Number of protein chains: 2
Amino acid sequence: MNKLKPRSKTWIEFDEEVVFGAGRAALFQAIEETGSIRQAANKLGMSYRAAWGKIKATEERLGIRLVEKYAGGLQSGAVLTPQAKELMEIFQQFKKDSEASVDELFIRHFNKFFSS
Amino acid sequence: MNKLKPRSKTWIEFDEEVVFGAGRAALFQAIEETGSIRQAANKLGMSYRAAWGKIKATEERLGIRLVEKYAGGLQSGAVLTPQAKELMEIFQQFKKDSEASVDELFIRHFNKFFSS
């Protein structure tokens, strides 16, 4: 059983549509790192339009502002709101705990089957 | 938070390759119901070759015989071995418990965030 591993993927839906998951978390992370939706989208190989659509969809479904765009003289960019940072943190913890729980359940259920 | 729902998908890998998951479980279920690999493959919209490849891959990675083909005078077909039935049962229970655990973790982690 040593090479057998449980894998899991968790995400959050609202009315059967994805609200937040690993992909959305990566997008938000990239916005935090680059300070720009366009650069974040490039980094993840998606169009600006697709990235913006995902951000708006998540904001609308949750009713929470997550990304603030700003335009200055020489600078323009985007920053995550405190709520977005909190959402990311909670999601990572939720994901980590879910994986740990699945690992434990895997051993509990399959240990006997695979060692027989 | 009432319309927000956690979703999860769990599967088992061996050396980074899928050994068993919802797709494999559906294939085995269809073989049990139809008594035929070809009919099971049709039912799931896959080729006989693809279905047989998945069965062999799972058998080889686990080192367990899961499907027995037989050929008779008027009849030929396939049946699941007792080990395959046990694997399906354990996987369903593992999947169900994993989902229940993810549901619980979702509430524990997100309840405060979404009610604020």
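Taking the conditions exactly as written (out of contact with any Pro (no Cβ under 6 Å at 6 or more places or on another chain), at pLDDT below 95 and closer than 18 Å to residue A:6 by Cα), does residue B:63 satisfy them or not?
yes
Sort through B:20, B:28 and tell me the only one that's crowded, with 19+ Cβ neighbours inside 10 Å, at pLDDT 95 or above, closer than 26 Å to residue B:97 by Cα and more than 14 Å from chain A (Cβ to nearest Cβ).
On the way: B:20 fails: more than 14 Å from chain A (Cβ to nearest Cβ).
One residue alone meets the criteria, B:28.
Kindly indicate the residue of region B:78-91 that is without any contact (Cβ under 8 Å) to a residue 12 or more places away in the chain and within 11 Å of the chain's Cα centre (by Cα) and also nearest to the other protein chains (Cβ to nearest Cβ) among those meeting that condition. Quick ask: steps written out before the conclusion?
Going residue by residue through region B:78-91, those that are without any contact (Cβ under 8 Å) to a residue 12 or more places away in the chain are B:82, B:86, B:89-90.
Next, only the ones that are within 11 Å of the chain's Cα centre (by Cα) stay: B:89-90.
Details: B:89: 10, B:90: 5 Å.
Applying the filter and picking the extreme gives B:90.
So, in region B:97-107, exactly how many residues are in contact (Cβ under 8 Å) with a residue 12 or more places away in the chain and facing chain A (nearest Cβ under 7 Å)?
4
Within region B:46-60, track down each residue that is basic (Lys, Arg) and either in contact with a Phe, Trp or Tyr (Cβ under 9 Å, 6 or more places away or on another chain) or modelled with pLDDT under 95 (or both).
Residues of region B:46-60 that are basic (Lys, Arg), as a first pass: B:49, B:54, B:56.
Listed by number, the list is empty, since nothing qualifies.
Report whether or not residue B:81 is surrounded by 17 or more Cβ atoms within 10 Å (Cβ to Cβ), on the phi < 0 side of the Ramachandran plot and touching a strand residue (DSSP E or B) at 6+ places or on another chain (Cβ under 9 Å). Give the derivation first.
Details: surrounded by 17 or more Cβ atoms within 10 Å (Cβ to Cβ): no; on the phi < 0 side of the Ramachandran plot: yes; touching a strand residue (DSSP E or B) at 6+ places or on another chain (Cβ under 9 Å): yes.
No; evaluated as a whole, the condition is false for this residue.
Considering every residue within region A:49-57, establish whether at least one is open to solvent by less than 70 Å² (accessible area, probe 1.4 Å), in contact with an Asp or Glu (Cβ under 9 Å, 6 or more places away or on another chain), within 12 Å of another protein chain (Cβ to nearest Cβ) and not β-branched (Val, Ile, Thr). Explain how you work it out, then say what you get.
Restricting attention to region A:49-57, the residues satisfying the condition of being open to solvent by less than 70 Å² (accessible area, probe 1.4 Å) are A:50-53, A:55-57.
From the residues that got through so far, the ones that are in contact with an Asp or Glu (Cβ under 9 Å, 6 or more places away or on another chain) too are A:57.
Filter again for within 12 Å of another protein chain (Cβ to nearest Cβ), leaving none.
Within region A:49-57 (the criterion being open to solvent by less than 70 Å² (accessible area, probe 1.4 Å), in contact with an Asp or Glu (Cβ under 9 Å, 6 or more places away or on another chain), within 12 Å of another protein chain (Cβ to nearest Cβ) and not β-branched (Val, Ile, Thr)), the answer is no, since none of the residues qualifies.
Run down A:110, A:94 and say which single residue is within 23 Å of residue B:7 (Cβ to Cβ), assigned to a helix (DSSP H, G or I), within 13 Å of chain B (Cβ to nearest Cβ) and at pLDDT 95 or above.
Numbers: A:110 fails: at pLDDT 95 or above.
The unique qualifying residue is A:94.
The values are calculated or read from the model by the stated rules, or taken from the named source; none is laboratory data. Everything numeric in this text was worked out from a predicted model, so none of it was measured. Methodologically, a virtual Cβ is constructed for each residue, glycine included, from the backbone with ideal geometry; neighbour enumeration extends over all protein chains shown. Calculation scope for accessible area: heavy atoms of the full protein, side chains included, ligands and nucleic acids excluded. Shrake-Rupley method; radii C 1.70, N 1.55, O 1.52, S 1.80 Å.
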